[in-house]
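So the structure is just underneath, and the comments pick up after that.
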């Protein structure tokens, strides 16, 4: 188990695992009592066009 010291360490650890496609590297970031409630991708928000002043 890796000891992460700062928020930046946690973010860097997550990003490296994500970029390198190493899901096992995320084990240190997930608590033993964590429950995954949904595994499907998030829905995309509708695109809203913003009117620009003339």
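Worth pointing out:
- Some residue of the stretch 27-35 being surrounded by 10 or more Cβ atoms within 10 Å (Cβ to Cβ), in contact with a helix residue (DSSP H, G or I) (Cβ under 8 Å, 6 or more places away or on another chain) and part of a helix (DSSP H, G or I): yes
- Out of 48, 2, one residue alone is assigned to a loop (DSSP other than H, G, I, E, B), in contact with a helix residue (DSSP H, G or I) (Cβ under 8 Å, 6 or more places away or on another chain) and modelled with pLDDT under 80. It is 2.
The values are calculated or read from the model by the stated rules, or taken from the named source; none is laboratory data. Keep in mind the model is a prediction, meaning the values are calculated, not measured. Note: ideal-geometry Cβ built from the backbone for every residue, glycine included; neighbour counts use all protein chains shown.
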